[in-house]
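**Q** Below: one structure in structure tokens.
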């Protein structure tokens with residue numbers, strides 16, 4: 001093998017050093033606050049920032065999870081909540097003006113207002129021979145018990 | 001009795017000039033880097049006196065060489081920032097303990113060596129990269145000797161500057177052949193020359209220019225080459241080919 005120039009391995013070493021970033025800050029001189037011994041250096045700030053992020057991310061994730069669980073529950077509670085100025089036990093249907101205890105709603109007179117009464121109304125409505133606007137209005141009023 | 005003449009005109013200009021010169025050369029406590037052209041011995045005395053501005057100037061002068069030393073020591077690109085920054089931080093705190101009669105880079109690398117050993121312990125690395133196949137490790141009694149690593153870092157920094165001073169074509173040759181490790185044949189094809197021409201004419205000419213450049217910068221190549229094992233060189237070069 002032909003004897004090689006001993007400078008060659010140093011050139012290769014220089015290439016390795018360059019590729020590894022040994023000359024990284026050759027062109028970009030840090031400003032005063034970025035100097036390594038400065039407590040406010042970007043490195044320190046970045047370290048602090050990373051530490052904060054590492055601590056904050058789990059807390060934020062837990063908070064988001066808690067909100068995801070709690071907020072829908074509170075929303076349902078809000079829907080079921082009492083309407084201001086009314087009885088706190090009033091249901092939404094009651095709040096909407098549907099008087100379930102109205103005797104007129106107990107179409108089949110079984111003492112209970114339920115789906116069977118709807119069937120009863122439908123039969124009566126069909127037997128009335130049509131569905132005029134007036135009949136529909138009547139049906140609605142009877143259904144709602146108003 | 002004659003009243004003294006008020007100091008004005010020439011005297012004031014002289015005072016202003018002295019103040020200006022002093023502001024450009026004397027160590028300041030304002031943290032402002034001192035002029036780059038400041039004499040090295042003056043700078044290092046100011047560093048040893050605890051002057052922060054002088055230390056900042058020294059940092060700018062020695063940052064690349066310290067990173068090169070960290071590279072030579074660790075051969076870990078992912079450690080360079082941590083090693084260098086921690087070394088500078090400790091050096092700043094201990095700057096008054098620096099003896100200006102000693103080479104500043106060697107003093108820094110002494111600190112770097114401690115930082116490196118701690119890093120190796122923390123990372124669970126045995127040997128700390130000291131037992132390595134590189135063009136300076138053969139024949140060393142202490143692979144982490146600060147003086148030795150300082151000399152290598154100086155040489156690499158100077159070599160880098162010398163490569164940057166080559167013609168663009170020669171820089172391409174160095175980059176392809178040595179930085180990217182391409183085979184002679186591939187480099188010859190890219191350059192459009194015969195492989196023999198590249199090997200026997202172009203490469204020796206480039207190395208000759210680099211040697212001359214290093215010599216101008218006071219780098220004694222024989223000091224480095226004497227420490228290198230010939231077998232290792234042959235191995236490294238043979239690996240490339």
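Nothing in this text is a laboratory measurement; each read-out follows from the coordinates by a stated rule. Owing to the predicted nature of the structure, the values given are computational and were not obtained by experimental measurement. Cβ placement follows ideal geometry from the backbone for every residue including glycine, while neighbour counts extend to all protein chains displayed.
**Q** Take peptides B:113-122, B:185-194, B:150-159 and line them up by average Cβ neighbours within 10 Å, highest first, as a rough protection proxy.
**A** Highest mean packing first, the order is B:150-159, B:113-122, B:185-194.
**Q** What is the list of residues in the range B:78-122 whose amide nitrogen lies under 11 Å from a point 7 angstrom out from the Cα of residue B:61, following Cα to Cβ?
**A** Taking a point 7 Å out along Cα→Cβ of residue B:61, the residues of the range B:78-122 whose backbone N falls under 11 Å are B:104-105.
**Q** On to the next question. Could you work out the mean count of beta carbons from other protein chains within 10 Å of each residue's beta carbon in B:207-213? All intermediate terms of the calculation are to be shown ahead of the outcome.
**A** On the way: counts 6, 2, 0, 4, 2, 0, 0.
For this peptide, the per-residue mean of nearby foreign Cβ atoms is 2.
**Q** Please work out the Cα center distance from the range B:149-198 to the range B:43-83, rounded to the nearest Å.
**A** Between the Cα centre of the range B:149-198 and that of the range B:43-83, the gap is 27 Å.
**Q** Then there's this: Just counting partner chain Cβ atoms within 10 Å, what average do the residues of peptide B:168-175 show around their Cβ?
**A** Working: counts 0, 0, 0, 0, 0, 0, 3, 3.
The per-residue average across the peptide is 1.
**Q** Next question. What is the distance, in nm, between label points placed 7 Å from the Cα along the Cα-to-Cβ direction at residue B:101 and at residue B:126?
**A** 4.2
**Q** Tell me the label-point distance for the pair residue A:19, residue B:82, using the 7 Å Cα-to-Cβ offset, in nm and rounded to one decimal.
**A** 2.3
**Q** 7 Å from Cα along Cα→Cβ at both residue A:124 and residue A:64: what's the point-to-point distance in nm?
**A** Label-label distance for residue A:124 and residue A:64, simple model: 5.6 nm.
**Q** Still on this structure, please answer the following. Calculate, for residue B:118 and residue B:142, the FRET efficiency according to 1/(1 + (r/R0)^6) with r their C-beta to C-beta distance and R0 25 Å; round to the nearest 0.05. Provide the component values of the computation, followed by the final result.
**A** Values: r = 18 Å, r/R0 = 0.71.
Working from the Cβ atoms, E equals 0.90.
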